[in-house]
């Protein structure tokens with residue numbers, strides 16, 4: 001599970017509460033918002049983290065291939 005700082009956790013809980021009010025017209029309490037945040041962090045956190053790593057790996061691979069092409073051109 002993802003570890004969040006106390007400040008970051010409070011900020012996200014606040015955003016969850018605002019979302020429920022604005023989008024769903026529901027007022028949820030601090031406990032419910034915190035429970036929801038913990039659920040999503042536990043169930044989705046590692047999947048989102050891994051996808052971000054895979055995306056970054058693909059971008060780095062592209063850039064290294066470009067650098068190899070540039071180096072090859074400079075060697076001629």
Residues residue 10 and residue 43, FRET efficiency given R0 of 25 Å [Cβ-Cβ distance, rounded to 0.05]: 0.75
Figure the gain on full extension for residue 22 and residue 2 (residue separation times 0.36 nm, minus the Cα-Cα span) and round it to one decimal in nm. 4.5 nm
If one compares the long axis through the Cα atoms of helix 6-24 with the longest principal axis of the Cα atoms of the chain, the angle in degrees, nearest 10, works out at 70
Give the order of 46, 5 when sorted by the count of other beta carbons within 10 angstrom, beginning with the fewest. 5, 46
Going by how many other beta carbons lie within 10 Å of each one, how would you line up 13, 2, 70, 28, fewest first? 70, 2, 28, 13
Using a Gaussian network model of the chain with C-alpha springs under 10 Å, which one of 44, 36, 24 is most mobile by mean-square fluctuation? 24
On each of the three principal axes the extent of the alpha-carbon atoms of the chain, given in whole Å and largest first, is 67, 25, 21
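Given 0.36 nm per residue, what is the gain on full extension from residue 50 to residue 63 after removing their alpha carbon distance, in nm? Numbers along the way, then the final one.
Values: separation 13, 0.36 × 13 = 4.68 nm, distance 2.00 nm.
Working it through step by step, the gained length comes to 2.7 nm.
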How do 43, 38, 75 rank when sorted from fewest to most other Cβ atoms within 10 Å of their own Cβ? 75, 43, 38
Roughly what angle does helix 30-75 make with the longest principal axis of the chain, taking Cα atoms, 0 to 90 degrees, to the nearest 10? 10
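Every number in this text was worked out from the coordinates using simple rules, so none of it is lab data. Values in this document were obtained by computation on a predicted structure and should not be read as measured data. Methodologically, a virtual Cβ is constructed for each residue, glycine included, from the backbone with ideal geometry; neighbour enumeration extends over all protein chains shown.
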